[in-house]
Amino acid sequence: MKDHLVIFDTTLRDGEQSPGASMTKEEKIRIAKQLEKLQVDVIEAGFPAASQGDFESVQAVASVVKDSTICGLARAVENDIVKAGEAIKPAASGRIHTFIATSPIHMEKKLKMSPDEVVDRAIWAVKRARDFTDDVEFSPEDAGRSDIDFLCRIIEAVIDAGATTINIPDTVGYNLPHQFGNLFNELIERIPNSDKAIFSAHCHNDLGLAAANSLAAVRNGARQIECTINGLGERAGNTALEEVVMAVKTRQDIFTVDTRINTQEILAASRLVSNITGFPVQPNKAIVGANAFAHESGIHQDGVLKHRETYEIMRAEDVGWSTNKMVMGKHSGRNAFKTRLEELGIEFETEQELNEAFVRFKELADRKHEIYDEDLQSLVTDNNIQRVENCYRLVSLKVSTETGESPQADVTLWVDGNEASALSTGSGVVDATFKAIESLVESGSSLLLYSVSNVTNGTDSLGETSVRLEKGGRIVNGQGSDTDIVTASAKAYINALNKLESDMNKAHPQAPV
Ligand code: KIV
Ligand code: ZN
């Protein structure tokens, strides 16, 4: 019998800490349902003390998900622990994850606390969290740069206080695989009560080593990996779930552990997270990139056709690649539409929401004959974006382009309830459209990123666009989709502008308190 490796997904918490990846409650619920289908053991649904919205999101996820443990993050302070405890209350199984920094630099410069004070606070936090649940995880933040003797001392103390999982974060992605593996080996060997807790790895990808470090930890006794879909996360991101899960599955000759992940749901999860956050997946990304199973050279293709294992170590269908099939079309009815969405884990709170989405589906089916699951996901995301009460809304867009002439865009928007129009030229039609919108809105924001990707193949595919804006240090991402990429771009730009307008003040869990 192999040991069970707990897969702890933190897409909705650490993933959401990526600049501009902030998600609404509805979006978090959609992702959480897909994570449940994927059979992750634990979903870290957010940081409930960050804002009322974050609290409600964690509570909502705890209410709808039944087959995964729901976890809330809390700093080692009273308010955070109470908020996390309240938010996870509806869960069938709930966990509180509390943490405090333990590296000399963090204790001295960020916390301004002595090591003794940090140990006392950690013990207090774990005991306080146990008032709400028996399932308490403790992380010594920046463990990757902490003193090993101090780590042994604090971890022994928090296990005695009731922590059931000890998570070792390489917060700044500094460790190398052999070093991180040795750290687990030594901690588990030296801490007298280490057998009373599950040890967990939480790695960041600053040196591109997050997956390698996590797997080294598993080889040295870790029995939980913290990870995110597509490796989403702060800076260079977190360990990618799909990479570690498929490494463990593919190399069962090496690993003495196994997961309960339904790997066929990996691609759907990847696409959903990319669609909702607007963070595209690079084509050469392991497991979920468009080229991950594509063979360019004739020699490879020939080899794969003769005998697949010559060049393939995994089967594309095992991670969900072969499920791209036509599911609906122009003649599909409302019931078929509703049923397929339910199969995809999408439910509407009201009949009106369903009706609005169905109208948009019919409009899409008029322009695009074959509708795939990916189109439905994209349509629902776009529908949700358009439904929100917004300051700005696209009324109409007319563009013209001709060889030798400057491209032009004529845009009409609702701006706080009034219609306003502007005409602009630009280096291309998208540039002209953005300039026209900005002349109406006068946001003063800077465009950090603009990207377009096609949802399915073919020139009639929906184009998904992502726009990242920055203003006064605040970064937001906007998304839009349409079969016309200029319209999709305008929608994404307007969505980002609306986010800049909205009051989304939330506390960052790792900022100094
Ligand atoms: O990277 C980190 O240290 C974290 C902690 C909050 C666990 O995300
Ligand atoms: Zn982290």
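The values are calculated or read from the model by the stated rules, or taken from the named source; none is laboratory data. Please read all numbers here as calculations on a predicted model, not as lab measurements. Note: ideal-geometry Cβ built from the backbone for every residue, glycine included; neighbour counts use all protein chains shown. Accessible surface is based on the protein model in full, side chains and every heavy atom, while ligands, DNA and RNA are left aside. Shrake-Rupley method; radii C 1.70, N 1.55, O 1.52, S 1.80 Å.
Answer yes if at least one residue in segment 385-408 is within 28 Å of residue 35 (Cβ to Cβ) and open to solvent by less than 60 Å² (accessible area, probe 1.4 Å), and no otherwise. I'd like the intermediate steps shown before the answer.
Of all residues in segment 385-408, those within 28 Å of residue 35 (Cβ to Cβ) come to 385-388.
Of the ones still in play, those that are also open to solvent by less than 60 Å² (accessible area, probe 1.4 Å) are 385.
The answer is yes; a qualifying residue exists.
Can you name every residue in segment 33-67 that is among the hydrophobic types (A, V, I, L, M, F, W, C) and within 13 Å of residue 345 (Cβ to Cβ)?
Step one: filter segment 33-67 for residues among the hydrophobic types (A, V, I, L, M, F, W, C), giving 35, 38, 40, 42-43, 45, 47, 49-50, 55, 58, 60-62, 64-65.
Those that are among the hydrophobic types (A, V, I, L, M, F, W, C) and within 13 Å of residue 345 (Cβ to Cβ): 35, 38, 61, 64, 65.
Among the residues that make up segment 336-353, is at least one of them over 20 Å from residue 466 (Cα atoms), open to solvent by 50 Å² or more (accessible area, probe 1.4 Å) and touching a Cys at 6+ places or on another chain (Cβ under 7 Å)?
Looking for residues that are over 20 Å from residue 466 (Cα atoms), open to solvent by 50 Å² or more (accessible area, probe 1.4 Å) and touching a Cys at 6+ places or on another chain (Cβ under 7 Å), one finds none in segment 336-353, hence no.
So if I check each of 354, 341, which one is part of a helix (DSSP H, G or I), under 24 Å from residue 36 (Cα atoms) and at pLDDT 90 or above? Walk me through how you get there before you give the answer.
Values: 341 fails: at pLDDT 90 or above.
Sole residue among the options that is part of a helix (DSSP H, G or I), under 24 Å from residue 36 (Cα atoms) and at pLDDT 90 or above: 354.
Please work out if residue 420 is more than 16 Å from ligand 2 (Cβ to nearest atom), touching a helix residue (DSSP H, G or I) at 6+ places or on another chain (Cβ under 6 Å) and over 30 Å from residue 111 (Cα atoms).
On the way: more than 16 Å from ligand 2 (Cβ to nearest atom): yes; touching a helix residue (DSSP H, G or I) at 6+ places or on another chain (Cβ under 6 Å): yes; over 30 Å from residue 111 (Cα atoms): yes.
Here the answer is yes, as residue 420 does meet what is asked.
Okay, residues lined up against (1) within 21 Å of residue 193 (Cα to Cα); (2) within 14 Å of ligand 1 (Cβ to nearest atom); (3) touching an Asp or Glu at 6+ places or on another chain (Cβ under 9 Å):
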| position | (1), (2), (3) |
| --- | --- |
| 76 | no, yes, no |
| 92 | no, no, yes |
| 102 | yes, yes, yes |
| 109 | no, no, no |
| 112 | no, no, no |
| 117 | no, no, no |
| 131 | no, no, no |
| 152 | yes, no, yes |
| 158 | yes, yes, no |
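Being hydrophobic (A, V, I, L, M, F, W, C) and closer than 19 Å to residue 134 by Cβ is the filter here; which residues of segment 66-85 pass it?
From segment 66-85, those hydrophobic (A, V, I, L, M, F, W, C) are 70-71, 73-74, 76-77, 81-82, 84; that's our starting set.
Answer for segment 66-85, where residues must be hydrophobic (A, V, I, L, M, F, W, C) and closer than 19 Å to residue 134 by Cβ: 70, 71, 73, 74, 76, 81, 82, 84.
Just to be sure I understand the filter: pairs with C-beta atoms under 6 Å, separated by 6 or more residues or on different chains, first member in segment 386-401 and over 14 Å from residue 412 (Cα atoms), second member open to solvent by 60 Å² or more (accessible area, probe 1.4 Å). Which pairs pass?
If the second residue must be open to solvent by 60 Å² or more (accessible area, probe 1.4 Å), the pairs left are 400/408.
Can you tell me how many residues within segment 1-49 are open to solvent by 10 Å² or more (accessible area, probe 1.4 Å), within 16 Å of ligand 1 (Cβ to nearest atom), among the aliphatic types (A, V, I, L, M) and out of contact with any helix residue (DSSP H, G or I) (no Cβ under 9 Å at 6 or more places or on another chain)?
1
Using the structure shown, decide if residue 176 is without any contact (Cβ under 8 Å) to a residue 60 or more places away in the chain, away from ligand 1 (no atom under 16 Å from the Cβ) and over 29 Å from residue 23 (Cα atoms).
Numbers: without any contact (Cβ under 8 Å) to a residue 60 or more places away in the chain: yes; away from ligand 1 (no atom under 16 Å from the Cβ): yes; over 29 Å from residue 23 (Cα atoms): yes.
Answer is yes for this residue.
Within segment 416-513, considering only strands (runs of 3 or more DSSP E) that don't extend past its boundaries, which have at least 3 residues that are open to solvent by less than 70 Å² (accessible area, probe 1.4 Å) and touching a residue at least 24 places away in the same chain (Cβ under 8 Å)? Don't jump to the end; show me each part of the working.
Working: elements: 418-425, 446-454, 463-471, 474-482.
Qualifying strands (runs of 3 or more DSSP E): 446-454, 463-471, 474-482.
Results for (1) basic (Lys, Arg); (2) farther than 15 Å from residue 397 by Cα; (3) at pLDDT 95 or above, shown as yes or no for each residue.
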{"position": "414", "(1), (2), (3)": "no, no, no"}
{"position": "453", "(1), (2), (3)": "no, yes, no"}
{"position": "456", "(1), (2), (3)": "no, yes, no"}
{"position": "465", "(1), (2), (3)": "no, yes, no"}
{"position": "482", "(1), (2), (3)": "no, no, no"}
{"position": "490", "(1), (2), (3)": "no, no, yes"}
{"position": "509", "(1), (2), (3)": "no, yes, no"}
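Can you tell me which residue among 144, 162 is within 16 Å of ligand 2 (Cβ to nearest atom), touching a residue at least 24 places away in the same chain (Cβ under 8 Å) and not charged (D, E, K, R)?
144
I'm trying to understand the selection: among the residues of segment 1-30, which are among the charged types (D, E, K, R) and in contact with a strand residue (DSSP E or B) (Cβ under 6 Å, 6 or more places away or on another chain)?
Passing the criteria: 2, 3, 9, 13, 14.
I'd like to check something: does segment 117-136 contain any residue that is within 16 Å of ligand 2 (Cβ to nearest atom), closer than 19 Å to residue 162 by Cα, part of a strand (DSSP E or B) and open to solvent by less than 40 Å² (accessible area, probe 1.4 Å)? Write out each step before concluding.
We begin by selecting, within segment 117-136, every residue within 16 Å of ligand 2 (Cβ to nearest atom); these are none.
Taking every residue of segment 117-136 in turn, none turns out to be within 16 Å of ligand 2 (Cβ to nearest atom), closer than 19 Å to residue 162 by Cα, part of a strand (DSSP E or B) and open to solvent by less than 40 Å² (accessible area, probe 1.4 Å).
Assuming residue 55 fulfils every condition listed in (1) within 16 Å of ligand 2 (Cβ to nearest atom); (2) open to solvent by 10 Å² or more (accessible area, probe 1.4 Å); (3) in contact with a helix residue (DSSP H, G or I) (Cβ under 6 Å, 6 or more places away or on another chain) apart from one, which condition is it?
The single condition residue 55 does not satisfy is (1).
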